[in-house]
Amino acid sequence: MVERLLIDHVGHLGDGVALAEGRSLFVPYTLGGETVEVAAAPGHHPDRRQLVGIEQASPERIEPLCQHFGICGGCAIQHWETERYRAWKRDLVIATLAQAKIDCEVSPLIDAHGKGRRRMTVHARKDSHDVLTVGFAAAHSHDVVPIDRCPILDPGLNGALDAAWSLAESLTGIGKPLDIQITATDSGLDVDVRGSGPLPTTAVTALSLIATKHALARLTRHGELVLMRQPPGVTMGKARVILPPGSFLQATLAGEETLAALVADHCRRAKHIADLFCGVGPFALRLAEKSRVSAYDSDAGAIASLQKAVASTSGLKPVRSEARDLFRRPLVAEELRDFDAVVFDPPRQGAQAQAERLAASKVPVVIAVSCNVATFARDARILIEGGYKIEGVTPVDQFRHTPHVELVARFTR
């Protein structure tokens, strides 16, 4: 059955929201003020609708830049003109902070898309007819959309989809779903294949030949080396970092550089800085150009890469690094007392335990970096109730066309 709805506004996940009979109905790919025709959404989603047609379009609607938009689940918003999209994204931060009763200035949104995303995960699945599909996950589904190009990717990922197809075709005989993580590095493509399980020697040899054919910098399987033509490295400040297999990087180079510049500016007078959830060191390595740094992360591989980068880079202040689970063993007040500033950049779940220890400390400056406004607001509330003052928030958009937003905030006491 087809319904006719008036879209009231765009919600926090990027879907249009219609207010009907006292309830909210969510319609992807629609904008406020539009009159649309919808049908029931596939699956058990009573509050979701599927867009059938647009009866009255918004004047803010534009043509999407990708032929796969609306099918692929990678982007939620390509159909909204730039300035309104940017205002909406900044408003997500403002509204979430207001809900948490956090009153502070929110700076204009910084566009950090740059040349595009430098890492991606490609899925490979066989359907019930034994047909292989390689691509990205469909919106609100486990289906895979076959992709031949993606306009939001960094040019460094050119050839990545072809390589993913070749790897998946080589492994079709195992009959298992595959996830292929690909990162663009200064040395070429770094690829980690997951889901295959143990492989016979013949299959590993075939993968090595594919890696050579596609000139991959490195190919690993579940983190185990298959072939390395040259170490996959990236530049961070003065340092060159060789990435661990499947390692985390900020989605775009511009995003990393923007966040790092904001962090450095916020703690520019600090002589000794703690970098918590430091990863391979995008902040630590830059901060160490002027300050002593102590860096902590639960990923031992990332810490090892950071240590090697420090050892091979001249002109840095001392950097001490430690593999430590900050969720289970956060730094306590006594350990924090010697730092002039603390930077923390946790995963999406935030850093509640560490925020509680920071709130009980006397660290004069705390810089919070977050990729989740809701968990940031929770952690910020803890710091504020512990006596810190929030001086402002800067939102950063490196996930263009999605509802995801990064932010950097400075707290002082």
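The values are calculated or read from the model by the stated rules, or taken from the named source; none is laboratory data. Every value quoted in this text rests on a predicted model; they were computed, and no experiment measured them. Here the Cβ is made from the backbone with ideal geometry for all residues, glycine too, and neighbour counts use every protein chain on show. For the accessible areas, the whole protein counts, side chains as well, though only heavy atoms, and no ligand, DNA or RNA atoms are used. Shrake-Rupley method; radii C 1.70, N 1.55, O 1.52, S 1.80 Å.
If a spin label sat at a point 7 angstrom from the Cα of ASP148 along the line to its beta carbon, the backbone N atoms of the stretch 49-79 nearer than 18 Å would be those of 65-72. Remark: relative contact order (the stretch 366-413) = 50 percent; criterion is Cα-Cα distance under 8 angstrom and separation of 6 or more residues. Reported to the nearest whole Å, the Cα centre-to-centre distance from the stretch 157-202 to the stretch 52-91 is 32. Remark: the stretch 152-283 carries 40 Å² of accessible area per residue (probe radius 1.4 Å; ligands, DNA and RNA excluded).
Converting the Cα gyration tensor eigenvalues of the chain into ellipsoid dimensions via √(5λ) gives semi-axes, longest first, of 36, 32, 17 Å. Between the beta carbons of THR172 and ALA20, assuming R0 = 45 Å, the FRET efficiency works out to 0.45 to the nearest 0.05. For the stretch 1-136, carbon and sulfur atoms together expose 52% of the accessible surface, with a 1.4 angstrom probe and every protein chain in place.
In this structure, the residue pairs whose Cα-Cα separation is over 28 Å, taken from LYS89/LYS271; LYS89/LYS115; LYS101/LYS271, are LYS89/LYS271; LYS101/LYS271. Between ARG329 and SER141, the simple spin-label model (points 7 angstrom out along Cα→Cβ) gives 4.6 nm. Amide H contacts for ASP275 (H built 1.01 Å from N in the peptide plane; partners 5 or more residues away or on another chain; cut-off under 5 Å): SER294, ALA295, TYR296, VAL343.
The length gained by stretching the chain between ILE94 and LEU13 to full extension, at 0.36 nm per residue less their Cα-Cα distance, is 27.7 nm. Scaled to the globular estimate 2.2 N^0.38 Å, the Cα spread of the stretch 11-60, given as radius of gyration, is 1.07. DSSP assigns beta bridges within the chain; of those with both partners inside it, close to 70 percent run antiparallel.
Once fully extended, how much extra length lies between THR212 and ASP47, figured as 0.36 nm per residue of separation less the alpha-carbon to alpha-carbon distance?
Stretched fully, the THR212-ASP47 segment lengthens by 54.5 nm.
Under a Gaussian network description of the chain, with springs only between Cα atoms under 10 Å, the residue in GLY223, GLY175, GLY114 that fluctuates furthest is GLY175. For the residues GLU224, GLU335, GLU34, GLU385, a 1.4 Å probe over the protein chains yields an accessible-area ranking, largest first, of GLU385, GLU224, GLU335, GLU34. Say R0 is 35 Å: what FRET efficiency, to the nearest 0.05, do ALA304 and ARG229 get from their beta-carbon distance? Given R0 = 35 Å and the Cβ-Cβ separation, E is 0.95. Between GLU391 and GLU55, the modelled label-to-label distance comes to 5.3 nm, taking each label 7 Å out from Cα in the direction of the beta carbon. Size check on the stretch 143-257: the Cα extents along the three principal axes, sorted descending, read 43, 29, 22 Å. Remark: the stretch 76-87, residue by residue, has Karplus-estimated 3J(HN,Hα) of 9, 9, 10, 9, 10, 4, 4, 5, 5, 4, 5, 5 Hz, where x stands for each Gly or Pro and the curve is 6.51 cos²θ - 1.76 cosθ + 1.60 at θ = phi - 60°.
Calculated FRET efficiency, ASP162 and HIS272, Cβ-Cβ r, R0 35 Å, to nearest 0.05?
0.15
Each stretch of four or more DSSP H residues adds -39500 (n - 2.57); spread over every residue of the chain, this sum gives -7000 deg cm²/dmol at 222 nm. In the full protein context, the stretch 305-413 carries 43 Å² of accessible surface per residue, based on a 1.4 Å probe and ignoring ligands, DNA and RNA. Contact order for the chain, expressed relative to its length and based on alpha carbon pairs under 8 Å spaced 6+ residues apart, stands at 13 percent.
Give the relative contact order (percent, whole number) for the stretch 316-413; include only Cα pairs under 8 Å separated by 6+ residues. Computed over the stretch 316-413, the figure is 26 percent. Using the average count of surrounding beta-carbon atoms within 10 Å as a protection proxy, the listed peptides 291-297, 356-362 rank, highest first, as 291-297, 356-362. Based on protein heavy atoms only, the stretch 58-141 ends up with 53 Å² per residue of surface accessible to a 1.4 Å probe.
The lysines within cross-link reach of LYS126, meaning a Cα-to-Cα straight distance under 20 Å and a gap of 8 or more places when in the same chain, are LYS176. Only lysines eight or more places from LYS238 in sequence, or on another chain, were considered; those with a Cα closer than 16 Å are LYS290, LYS308, LYS317.
To the nearest 20 Debye, how big is the dipole of the chain about its Cα centre, given +1 on the beta carbon of each Lys and Arg and -1 on that of each Asp and Glu?
Dipole about the Cα centre, nearest 20: 1440 debye.
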